[in-house]
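In what follows, a structure is listed as structure tokens, so that the remarks can point back to it.
The values are calculated or read from the model by the stated rules, or taken from the named source; none is laboratory data. Being a predicted model, the structure only gives us computed values, none of them experimental. Ideal geometry is used to build each Cβ from the backbone, glycine not excepted, and the neighbour counts take in all protein chains shown.
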Amino acid sequence: MPAGGDMIKLENCLNKAGAEIPLTDEEALFILGLENPLALSMLFSTACALRERYFGRKVFLYGFLYFSTWCRNNCSFCGYRALNSGLARYRKSAAELVNAAVGLRDAGVHLLDMTMGEDPFYCTDQSGEQRLLELVRLIKENTGLPLMISPGTVSREALRLLAEEGVDWYACYQETHNRSLFQRLRPQQDYDLRLSRKKDARQLGFLIEEGILTGVGESLRDIVHSLRVMGELGAEQVRVMSFVPQANTPLAHLPTPPRSRELKIIALMRLLYPQKLIPASLDVDGLAGLKARLEAGANVVTSLIPPRSGLRGVSNSTLDIDEGCRTVQSVSVELARLGLEAAAPEDYVNWLARSRERLPKTG
């Protein structure tokens, strides 16, 4: 059992969160430090109650289209870093990508997440950005689904043109908002440029997804700081993923963190931002890890990938894919076991419309 004083403090924090009274940084740190099973159960229960207040028992599903694994960056945590010469890479053709996208649409995903490494083929100059625009246009024309784009730090003009093509979301993860840790994770990349691209995208009418990586040397205070920056940025979708060591990277020796850390961050995100979308990614632990993330307060399942499509994930790039466990059908079975269900397509479209109404007006 937690100590009596800690139990009172926890109850006070959870009551505040339930009443949607903002938690202080010290209260957020206290929640991240919880270890007792009873305390964690209370935390997760409150997070789920807040999720249900705004989303009911409905969960959104995102298809994942990692269309190029080439990258110009050398992130110390990523297997797709440019210096990893031992990696078999791909750049999917338009036909391959459209086929996968249509299959995901027909299966029932609510959104398509078009992700790439910062591939010079698409992001070095104007002609590359035009190729990216043409690919996006094809996917939009052939599926009609909402789109998220994760192209890295493309130019502001490219973002403007992507917005004109009807892309709904811009995702660009900072990984951490501790500047010195950022430089160790993303060497020779510009912290301020990466952050400013999200601000540019928001001004252009995109919804923003921001994300952090946990288990890479961050402190609990760093995590709380990141969650505050996410709120200040106005990100409509906030996410956390546990670090998974990748071969041939500078952080290959680092162990993956206990999943309780990620689960507490998900729950704290829900307490701080009850109306936001919070993903449960299949990319870290596959279908086996879905239940715990949903029970911590997540309400989006991401990284659904068609089997035998040749598409990969990121952290665990092949886990559960060809076995058919990262499909709408498999996820829907798991949702039903938890008393949850996939939302109807119109539920997601309506959520997007309400979120857009809250965006700052552009002149």
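Residues of region 328-350 include none that is assigned to a loop (DSSP other than H, G, I, E, B) and either within 17 Å of the chain's Cα centre (by Cα) or more than 24 Å from E52 (Cβ to Cβ) (or both).
Residue by residue through region 103-138, note down the ones that are among the hydroxyl-bearing types (S, T, Y) and crowded, with 19+ Cβ neighbours inside 10 Å. If the condition is that a residue be among the hydroxyl-bearing types (S, T, Y) and crowded, with 19+ Cβ neighbours inside 10 Å, then T115, Y122 are the ones that fit. Do we find that C13 is closer than 18 Å to G117 by Cα, among the hydrophobic types (A, V, I, L, M, F, W, C) and buried (at least 20 other Cβ atoms within 10 Å of the Cβ) in this structure? Here the answer is no, as C13 does not meet what is asked.
In region 208-253, the qualifying residues are those that are touching a strand residue (DSSP E or B) at 6+ places or on another chain (Cβ under 7 Å) and small (G, A, S), and the one that is surrounded by the most Cβ atoms within 10 Å (Cβ to Cβ) is S226.
Conditions tested, residue by residue: (1) of a type outside the set (D, E, K, R); (2) in contact with a Ser or Thr (Cβ under 8 Å, 6 or more places away or on another chain); (3) at pLDDT below 95; (4) surrounded by fewer than 20 Cβ atoms within 10 Å (Cβ to Cβ).
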site: D25; (1), (2), (3), (4): no, no, no, yes
site: L38; (1), (2), (3), (4): yes, no, no, yes
site: S41; (1), (2), (3), (4): yes, no, no, yes
site: A49; (1), (2), (3), (4): yes, no, no, yes
site: E52; (1), (2), (3), (4): no, no, no, yes
site: F64; (1), (2), (3), (4): yes, yes, no, no
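Checked across region 90-97, the condition of being closer than 28 Å to M269 by Cβ, at pLDDT 95 or above and crowded, with 20+ Cβ neighbours inside 10 Å holds for no residue. In the set (1) under 15 Å from the mean Cα position of the chain (by Cα); (2) closer than 27 Å to T24 by Cα, V224 fails one condition alone, (1). Working only within region 139-189, note down all residues that are hydroxyl-bearing (S, T, Y), surrounded by fewer than 21 Cβ atoms within 10 Å (Cβ to Cβ) and assigned to a loop (DSSP other than H, G, I, E, B). Of everything in region 139-189, those that are hydroxyl-bearing (S, T, Y), surrounded by fewer than 21 Cβ atoms within 10 Å (Cβ to Cβ) and assigned to a loop (DSSP other than H, G, I, E, B) turn out to be T153, S155, Y173. From the list E35, E52, exactly one residue is more than 25 Å from S150 (Cα to Cα) and outside any helix (DSSP H, G or I). Which is it? After applying the criteria, what remains is E35.
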